[in-house]
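Have a look at the structure below before the remarks.
The values are calculated or read from the model by the stated rules, or taken from the named source; none is laboratory data. What you are looking at is a predicted structure, and each value in this text was computed from that prediction instead of being measured. Positions of Cβ are generated from backbone atoms using ideal geometry, with glycine treated the same way; all protein chains shown enter the neighbour counts.
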Amino acid sequence: QKEVEQDPGPLSVPEGAIVSLNCTYSNSAFQYFMWYRQYSRKGPELLMYTYSSGNKEDGRFTAQVDKSSKYISLFIRDSQPSDSATYLCAMTRSYNTDKLIFGTGTRLQVFP
Amino acid sequence: ETGVTQSPTHLIKTRGQQVTLRCSSQSGHNTVSWYQQALGQGPQFIFQYYREEENGRGNFPPRFSGLQFPNYSSELNVNALELDDSALYLCASSLAPSGGASDTQYFGPGTRLTVL
């Protein structure tokens, strides 16, 4: 079993839709949770960063962490064609360990 | 743009050869991590360098080695290339090796290595 599970998609939605992306994990030691966006042939770009449980909002993006369920989510409101990319969840243990554990990524396509 | 650059963009090698990939970190970042991303997969941690010393290693064999230089640049060396080494190699720089909010990793665009 992988430490981090993520549905690879693809997920295809119309412009303006609310998108929900999710990851589950097995290691309760994970404390820091991130979402990266990766366009084709580019490196991952950090979107959201959350420490421990709770919600964090940044513009059209909301990240949620539920440590009791070992489940994290990224919501995208009013999705745009420019949001079409692969979304990677990543997580790491407590401080002094910088090894990010990534999910496989979910490919999202937003059509006009 | 993250300020992290990598070279070359693409590389084709044959099995058994050796390769060196280069990364220039964001200015002021003293930590660099290298990841391997196979097609359709998430990045896998290879190793990390902090102040020119290895500071953690993933599940990769010793033929994967690295160097970090005082000018924030670094190298990933792979010896005895195998077909399964074909992947996108990413470097990521951060301010410090801890996992706190100020230590976010910023990724470069990657080097796509093809082994024939």
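Worth a mention:
- Hits in segment B:26-47 (condition: modelled with pLDDT of 90 or more and either aliphatic (A, V, I, L, M) or over 18 Å from A:Lys2 (Cα atoms) (or both)): B:Val32, B:Ser33, B:Trp34, B:Ala38, B:Leu39, B:Ile46, B:Phe47
- Test: residue in segment A:23-37 that is within 14 Å of chain B (Cβ to nearest Cβ), free of Cβ contacts under 8 Å to residues at least 24 places away in the same chain and touching a strand residue (DSSP E or B) at 6+ places or on another chain (Cβ under 6 Å): no
- So B:Thr14, is it out of contact with any Ser or Thr (no Cβ under 7 Å at 6 or more places or on another chain), more than 10 Å from chain A (Cβ to nearest Cβ) and not aromatic (Phe, Trp, Tyr): yes
- Among the residues making up segment A:1-29, a single one is in a loop (DSSP other than H, G, I, E, B) and in contact with a helix residue (DSSP H, G or I) (Cβ under 9 Å, 6 or more places away or on another chain): A:Glu15.
- Test result for A:Gln80, touching a residue at least 24 places away in the same chain (Cβ under 8 Å), over 29 Å from B:Gln6 (Cα atoms), within 14 Å of another protein chain (Cβ to nearest Cβ) and over 13 Å from the mean Cα position of the chain (by Cα): no
- B:Ser93 being within 27 Å of A:Ser40 (Cβ to Cβ), in contact with a His (Cβ under 7 Å, 6 or more places away or on another chain) and among the hydroxyl-bearing types (Ser, Thr, Tyr): yes
- Single condition A:Tyr32 does not satisfy, out of (1) surrounded by 13 or more Cβ atoms within 10 Å (Cβ to Cβ); (2) over 28 Å from B:Trp34 (Cβ atoms): (2)
- In segment B:44-57, the residues that are within 11 Å of chain A (Cβ to nearest Cβ) form Cβ pairs under 6 Å with partners that are among the β-branched types (Val, Ile, Thr) and buried (at least 19 other Cβ atoms within 10 Å of the Cβ), at six or more places apart or across chains, as follows: B:Tyr49/B:Val32; B:Tyr50/B:Thr31.
- If you go through segment A:35-51 and keep only what is surrounded by 19 or more Cβ atoms within 10 Å (Cβ to Cβ), of a type outside the set (A, V, I, L, M, F, W, C) and at pLDDT 90 or above, you end up with A:Tyr36, A:Arg37, A:Gln38, A:Gly43, A:Pro44.
- B:Gln17 satisfies every condition listed in (1) within 27 Å of A:Lys2 (Cβ to Cβ); (2) surrounded by fewer than 18 Cβ atoms within 10 Å (Cβ to Cβ) except (1).
- Against the list (1) surrounded by 15 or more Cβ atoms within 10 Å (Cβ to Cβ); (2) in contact with a Lys or Arg (Cβ under 6 Å, 6 or more places away or on another chain), the condition A:Val13 fails is (2).
- The condition (being touching a residue at least 12 places away in the same chain (Cβ under 8 Å) and within 21 Å of B:Leu90 (Cα to Cα)) is satisfied by just one residue among A:Phe61, A:Phe75, A:Phe102: A:Phe102.
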